[in-house]
Structures are given as structure tokens and as C-alpha cells.
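A short worksheet on the structure shown next.
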Amino acid sequence: MTTDESISVEGSVLTVRGLLRAASVGALTEALSRIARGGGVVVDLSACDGMETAAAAAVFDAIRRARNTTSVEVRGASSELLQVWEMFGLRAKALESVGRPRSLRTHFEGVGADVLTAWDVVAGLLSFSRQSLEAMGRTLRYPASLRLSLALYYMEQAGVKAVPIIGVLCWLLGTVLGYQSGYQLKTFGAEIFMPDLVGYMVTWEIGPLLAAILVAGRSSSAFAAEIGTMKVRQEVDALEVMGFDVFQFLVIPKLIALILVMPVLVLIADFFGLLGGLLIGGWYLDMPASVYMSRLHLVMLPLDFYWGMLKGLVFALIIATVGCFTGTRVRGGASEVGEATTTAVVTAVFLVIVADALISLVYVRIRPGVIM
Amino acid sequence: MSDAIPILEVRDLEGGYGSSRVLRDISFTVAPGEILVIVGRSGCGKSTLLRYMVGLSRPWAGSVLFEGSDIWSDSGRVLSSARRRWGVLFQSGALLASLTLLENVMLPLSEFRDLSPAVLRLAAFRKLDMVGLADFAASYPLEISGGMQKRAGLARALALDPDMVFFDEPSAGLDPVTSAELDQLVCSINRTLGTTMVIVTHELPSILAISDRVIMLDSSSQGIIAQGRVEQLKEHSDLRVHAFFHRLPQGQANDVA
Ligand SMILES: Nc1ncnc2c1ncn2[C@@H]1O[C@H](COP(=O)(O)OP(=O)(O)O)[C@@H](O)[C@H]1O
Ligand SMILES: [Mg+2]
């Protein structure tokens with residue numbers, strides 16, 4: 001085959017023979033800049049059989065540099081090589097900016113674009129919610145259209161499998177709440193009110209909120225990833241052109257599953273939270289379980305539990321909708337699926353807490369007072 | 001030339017997925033500078049064979065030799081040095097979505113060539129220009145069509161001016177004109193740079209235009225059922241080969257032959 005290149009220098013003439021490879025082009029560019037310091041250079045390529053592309057680019061660059069200080073004459077270059085070099089000459093400038101790290105200005109432009117996107121997202125989320133509510137309405141009118149097996153699958157994934165983690169964390173938090181409030185109340189000799197505090201905090205806030213945050217973390221990301229991946233692989237498009245109601249197929253089973261499991265998860269969370277309080281009461285405040293229970297019985301209303309379950313229902317709507325919506329926004333490739341899962345969790349948790357604040361405000365106004 | 005030591009040799013290769021075998025008793029050689037085309041009906045294991053040839057998976061049995069040494073020997077050193085001299089074009093293009101086309105093509109260059117960024121950019125651009133994507137250097141893979149992604153993948157496979165290039169269905173999804181241009185490109189690269197090519201394709205016109213030698217796989221025998229020049233295979237007595245090269249449904253080939 002072709003012999004490997006050789007580069008020789010005689011006076012101001014640099015001769016290249018054979019096939020010039022990129023790996024050894026360094027010697028050539030070095031020789032070129034060395035001779036160029038002494039005056040005009042001639043590059044003789046008549047014995048050169050060809051160049052690897054990277055070598056051609058490197059030689060082009062070296063000659064261009066040398067021409068800044070002196071004259072360079074190229075002899076015997078093939079017409080093909082000259083064509084390539086001519087193209088390099090035309091494009092070199094424009095290529096400088098392709099894929100450069102973004103400058104500050106474009107970062108600012110990026111912020112502007114992000115704000116616009118944020119608005120887009122809100123509008124999109126609202127219209128998506130409306131569509132899924134409509135689909136929900138259709139499902140309620142024709143219950144046969146519900147994909148029951150899918151709904152059951154998601155109930156298991158999002159609900160049953162979340163029970164252990166929710167139980168453990170709520171039990172821990174109930175313990176901490178009991179300990180913290182007991183510690184404060186002890187100073188006033190008012191430990192007897194510890195069950196009140198734990199009971200209210202767990203059933204009003206911690207139970208529903210913790211259940212929702214965990215479900216958001218586990219399931220809204222999973223929903224987003226599932227739908228996002230299906231979009232990337234054009235499965236969603238395929239469903240659509242086959243005439244499927246995409247909402248019915250992809251959104252409703254998840255939505256229904258969460259709506260059914262969330263209130264139950266809230267009750268479970270309440271139970272373990274209160275249990276935590278009971279145990280710490282016995283250990284830290286020497287409060288017998290019977291006292292803890294009768295105190296709870298005295299101050300808590302069934303409404304406290306129902307209200308928490310209602311919260312769970314609202315959170316379920318938020319989590320499922322946000323997860324599915326974020327999934328449907330995936331347009332590009334696999335990396336966007338990853339981004340979508342993060343976005344889904346952050347957005348869902350954010351909206352859950354906002355909703356929680358609103359619902360709690362209402363509750364303190366409407367809850368009948370308790371006679372001590 | 002024909003007696004040259006093979007640049008790549010597959011010896012008694014056997015492989016598959018999980019417990020299901022896809023290939024067995026595969027042996028053939030690739031001579032330096034030749035264009036070897038691997039054909040076969042969809043699902044017969046062409047992509048799988050290619051994965052073994054480029055060292056993406058380890059065969060169940062048998063070996064793949066690059067310039068006489070087993071690519072899996074010497075704790076991966078043979079493979080990693082061989083990889084610098086190979087280019088691979090995957091079936092889907094496999095570009096990195098977060099990078100522009102120019103950056104995608106620059107990727108292998110900047111990893112394996114010690115040259116300034118400006119030079120790398122020019123070299124990468126030249127490759128994009130070769131595949132007709134000069135005007136899309138700054139585009140991202142998702143902003144161009146599937147056929148264009150494939151061409152960009154080709155540009156990346158060629159970035160290092162490799163000694164050997166593997167293609168998995170390079171012309172699938174391309175229009176006939178672009179496909180013919182691609183064939184021409186492959187031939188001209190093969191002639192001018194002496195690049196050895198291993199190409200998986202279904203396209204009869206491509207096979208006729210570019211192949212020096214053809215290997216045909218079939219799933220019924222999980223292996224090679226014929227090899228040789230296209231003219232020989234067209235006259236082959238095996239019905240499966242005949243059906244393929246004459247574009248007949250397999251049933252009909254029975255009647256003709
Ligand atoms: N990742 C995989 N896991 C299991 N089986 C696979 C996988 N990829 C391919 N196969 C099977 O191996 C066989 C050969 O596939 P492939 O090599 O992709 O065929 P071709 O490229 O010739 O169309 C097919 O039967 C396919 O079902
Ligand atoms: Mg394939």
C-alpha cells in the first residue's frame with residue numbers, strides 16, 4: 001500500500017511524500033513555523049499521495065498562521081486538496097462560534113426564554129388538567145372504558161409499595177413531634193397536652209403532606225419517565241394514529257389509581273404518626289398509652305381524619321396530573337426524559353405544598369372548636 | 001492482494017441473547033481494502049454479528065481476530081487499540097443529542113488527536129461537508145431528519161480516517177438519490193484512502209454498486225448460507241439466496257428455480 005509519509009526540509013523548501021497522517025502532522029507544522037521565521041517558504045506536495053482530513057486541516061491552519069508573517073507558496077497540491085482548503089478558508093470564521101460555551105449575553109437571553117417557557121408550562125398544565133378532567137368525565141359516564149387492569153397495576157406500584165416507607169417515616173416524625181412538644185410542654189408542667197399537639201399536627205399536616213411528598217417522589221417521576229419514554233419512541237404518536245384516546249389510555253388509569261390510594265395512604269400515615277407519639281409519650285413523658293388515647297379521643301374530631309383524606313385526594317390529582325403532563329412535554333431524546341422526571345417531582349411537591357397551605361387556611365376557619 | 005493477511009477474521013463464532021442462540025459456526029475473513037457486504041433477511045442476526053465484530057459483546061464461543069490477534073486477549077488492550085482504527089456507524093446514527101453535529105464529529109477527533117480546537121473544527125467540518133451536511137454544522141441531532149442523522153453518524157465514523165469502517169444499514173431511511181450518493185462516497189473513500197468496509201445492508205442496488213464480496217446469513221441455519229461475489233450469489237442454487245437476490249417471496253422462488 002502507500003508508504004508512510006516523510007517530511008524533508010531543504011533550505012526554504014518543505015517536501016512531503018506519501019500519505020500524510022494526522023498523528024504525525026505535528027512534525028510538519030513545527031518545521032513549517034521554524035522555516036517561516038527565516039523568510040518565505042515553499043511547501044512542495046507534488047510527491048504527497050494524500051492527507052487524512054485532520055492532517056489537511058492542520059496543514060491549512062499552519063500555512064495560514066505562517067502567512068501572517070511571511071509568504072508561503074504551495075506547489076503540486078491536488079485539486080481536491082485545494083478545494084478542501086478553499087472551503088476551510090470560507091468557513092473557518094463561521095465555525096469558530098459553533099458549539100462554543102455560551103457567553104453571558106446568551107445566558108441572559110436564556111433567562112428571558114425560560115420565563116416565556118415557564119408561562120408556556122403553566123398554560124400547558126392548565127389545559128392538560130382540563131383535558132384530563134374531561135377524560136375523567138367520559139370515564140365516569142362510561143365506566144367500561146376504564147382500563148381496570150392498568151389502574152390496579154398503578155395502585156399497586158404507587159400505593160401498596162409506598163406503604164412501608166410512609167409508615168416508617170411517619171412513625172419517626174410522630175416520635176420527633178412527640179419528643180419536641182413534650183420537651184417544650186414539660187417546662188410548664190403541661191405534658192398532658194402533648195397528644196393534642198401530635199394529633200393535630202399529624203392528622204392536619206404531617207400525615208397528608210408526607211404521604212403526598214413520598215408519592216410525588218416515587219410516582220410522579222415514574223409517570224413522567226414512562227410517558228416521556230413512550231413519546232421519545234413515538235409510541236404515543238402510534239397510539240394516536242391508531243385512534244386511541246391517549247388520555248384514556250395513559251392518564252386516566254394513573255389518575256384513578258392515585259385518587260383511590262392517596263386517602264388510604266393518608267390514613268396509614270396518620271396511624272403511624274400517632275403511634276410514634278404514643279411510644280415516645282410512654283418512654284419520655286411516662287405517659288401511659290391509655291392516657292394518650294383518651295386525650296386524643298377527647299380533642300380529635302373524625303373530621304380531622306376526613307379532612308386529611310380530602311387533602312390526599314387533591315394531592316393525588318396534582319401529582320398524577322403533573323407527572324403525566326411533564327411526560328407529555330418530552331420532545332427530544334433520552335436526556336430529556338431524565339430532566340422530565342426531575343421537573344415532575346419538583347413541580348408536584350411545590351404545588352402540593354401550595355395547595356396544602358390553601359386547604360389548611362380554609363380548615364382552621366371551618367373546623368368546629370373543641371371544648372376542653 | 002487477495003493473499004494478504006486478513007485485517008479481520010471471525011473464527012467459529014457462536015452467540016445470541018440470553019439462552020437463545022442467534023449465530024453459530026460463523027467463520028470468514030475480511031481482506032484489507034475490500035468492501036464486504038453482509039446481507040440477510042431482517043432478524044437473521046446481522047446487527048448481532050456486527051456487535052461481535054466490533055467488540056460490543058463477547059461471543060459465546062469462537063473469536064474475532066484483528067490483524068491476527070484476538071480482540072478479547074491481552075485484557076482489552078487489543079480491542080482498545082483496534083477501536084482507534086475503526087469507525088462504526090450504528091443503525092440509528094447514535095449521535096449525542098446534547099451536542100451539535102460539528103461537536104459530535106469532533107468528539108473522536110478531540111479524544112484521539114492532539115490538535116488545536118480550530119484545526120479539529122475544520123477537520124470535523126470537512127467530514128460533515130463530505131456527507132452533505134455543511135449547512136447543518138450548528139444544528140442539534142433532533143433538529144434534523146433521520147436520514148441526515150445517519151449521514152452525520154457516517155461523518156463521525158469517518159472522523160479519524162479509520163482503516164476500517166463498519167456500517168449497520170447505512171442507506172436505510174435515505175432517499176434513493178442520497179443513498180446512491182452515499183454508495184459513491186463509500187466507494188470513493190474505499191479507493192482513495194484504502195479503507196476496509198464491512199457493510200450490513202438490504203439494499204440490492206447498494207450491494208450491486210459497492211460490494212467486492214457478499215456474505216449471506218439466514219436465521220433458519222443461524223449462520224452463513226452463502227458467500228462470494230454478487231454475480232455468483234445471483235446464480236446460487238440455494239432457494240433462500242435466489243429469493244433474496246431476485247426480490248422474490250420465498251414461496252415463489254420455489255416455482256422459479
Ligand atoms: N437485545 C436483544 N435481546 C434479545 N434478543 C435480541 C436482541 N437484539 C436482537 N435480538 C434477536 O436476535 C435476532 C437477530 O437480531 P438482529 O441481529 O438485530 O437482526 P438483523 O440486524 O439481522 O435484522 C432476532 O431474532 C432478534 O429478535
Ligand atoms: Mg439490524
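The values are calculated or read from the model by the stated rules, or taken from the named source; none is laboratory data. It should be emphasised that the depicted structure is a prediction, and the values quoted were computed from it without experimental measurement. We place every Cβ from the backbone using ideal geometry, glycine too, and count neighbours over all the protein chains shown. Heads up: the accessible areas ignore ligands, DNA and RNA and are worked out on the full protein's heavy atoms, side chains in. Shrake-Rupley method; radii C 1.70, N 1.55, O 1.52, S 1.80 Å.
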Could you report the range B:90-161's accessible area per residue, 1.4 Å probe, as an integer in Å²?
37 Å²
Of A:Asp44, B:Asp114, A:Asp286, ordered by accessible area with the largest first and a 1.4 Å probe, the sequence is B:Asp114, A:Asp286, A:Asp44
Using Cα pairs under 8 angstrom and six or more residues apart, how large is the relative contact order of chain A, in percent?
17 percent
Cα axis of helix A:104-141 to longest principal axis of chain A: angle in degrees, 0 to 90, nearest 10?
50 degrees
For the range A:242-292, compute Rg over Rh where Rg is the Cα radius of gyration and Rh is the Kirkwood radius from the inverse mean 1/r over Cα pairs.
1.46
Under a crude label model (7 Å from the Cα following the beta-carbon direction), how far is A:Phe350 from A:Ala238 in nanometres?
3.4 nm
In debye to the nearest 20, how big a dipole does the protein assembly as shown give about its Cα centre with +1 on each Lys and Arg Cβ and -1 on each Asp and Glu Cβ?
1220 debye
Förster radius 56 Å - calculated FRET efficiency between B:Leu56 and A:Ala190 (Cβ-Cβ, nearest 0.05):
0.20
Where A:His297, B:His236 fall by accessible area, highest first, once all protein chains stay in place (1.4 Å):
A:His297, B:His236
Using just the helices of chain A, give the 222 nm mean residue ellipticity in deg cm²/dmol: DSSP H runs with n ≥ 4 each add -39,500 (n - 2.57), and the total is spread over all residues, rounded to 500.
-23000 deg cm²/dmol
The range A:296-372: which trypsin sites (Lys or Arg not before Pro) are DSSP loop and have at most 13 other beta-carbon atoms within 10 angstrom?
A:Arg331
Fully extended contour minus Cα-Cα distance, from A:Leu310 to A:Val9, at 0.36 nm per residue:
99.7 nm
Return P(r) of the protein assembly as shown (all Cα-Cα pairs; 10 Å bins starting at 0; whole %; ordered from short to long distances).
3, 12, 16, 16, 15, 13, 10, 8, 4, 2, 0
Percentage, to the nearest whole number, of Cα pairs in the range A:135-366 over 33 Å apart
27 percent
For chain A, built as a Gaussian network whose Cα springs stay under 10 Å, the top-fluctuating residue of A:Val84, A:Val354, A:Val266
A:Val84
Can you pull out the chymotrypsin sites (Phe, Trp or Tyr not before Pro) in the range A:235-275 whose DSSP state is coil and whose Cβ has at most 13 other Cβ atoms within 10 Å?
A:Phe244
Directionally averaged projected area (convex hull, Cα atoms, the range A:2-97), nm²:
5.9 nm²
Taking 0.36 nm per intervening residue step and subtracting the Cα-Cα distance, what contour gain separates B:Asp74 from B:Gln184 on full extension?
35.8 nm
Going Cα to Cα from B:Lys150, which aspartates and glutamates come in below 17 Å? Please leave out same-chain ones fewer than 8 positions away.
B:Glu103, B:Asp129, B:Asp135, B:Asp168, B:Glu169, B:Asp175, B:Glu181, B:Asp183, B:Glu203
Dividing the mean separation of Cα pairs under 8 Å (6+ apart) by the residue count of the range B:72-175 yields a relative contact order in percent of 44 percent
For A:45-54, mean number of other protein chain Cβ atoms within 10 Å:
4
For a bin width of 5 Å, list the pair-distance distribution of chain B built from all Cα-Cα distances, rounded to whole %.
1, 6, 13, 16, 18, 17, 13, 9, 4, 2, 1, 0, 0
From zero up to wherever the largest Cα-Cα distance of the range A:191-311 sits, split into 5 Å bins and tell me the percent of pairs in each.
2, 10, 17, 15, 12, 10, 8, 7, 6, 5, 4, 3, 1, 0
With a 1.4 angstrom probe the carbon and sulfur portion of accessible area for chain A, in percent, totals 65 percent
Are there any trypsin sites (Lys or Arg not before Pro) in the range B:188-237 that are in a DSSP loop and have at most 16 other Cβ atoms within 10 Å? List them by number.
B:Arg229
Accessible area in square angstrom per residue, the range A:224-265, 1.4 angstrom probe
42 Å²
For A:Lys161, counting only lysines whose alpha-carbon sits under 19 Å away and dropping same-chain residues fewer than eight positions off, the answer is A:Lys254
What quantity of accessible surface, computed with a 1.4 Å probe and excluding non-protein components, is buried in total between chains A and B, in Å² to the nearest 100?
2200 Å²
Rg/Rh ratio calculated on Cα atoms of the range B:90-161 (Kirkwood radius)
0.93
Surface share of carbon and sulfur [accessible, 1.4 angstrom probe, percent] for the range B:90-161
52 percent
Dipole moment magnitude, nearest 20 debye, chain B about Cα centre, only Lys, Arg, Asp, Glu C-beta charged
380 debye
Roughly speaking, what is the stretch gain from A:Ser127 to A:Lys161, that is 0.36 nm per residue apart minus the C-alpha to C-alpha distance, in nm to one decimal?
9.1 nm
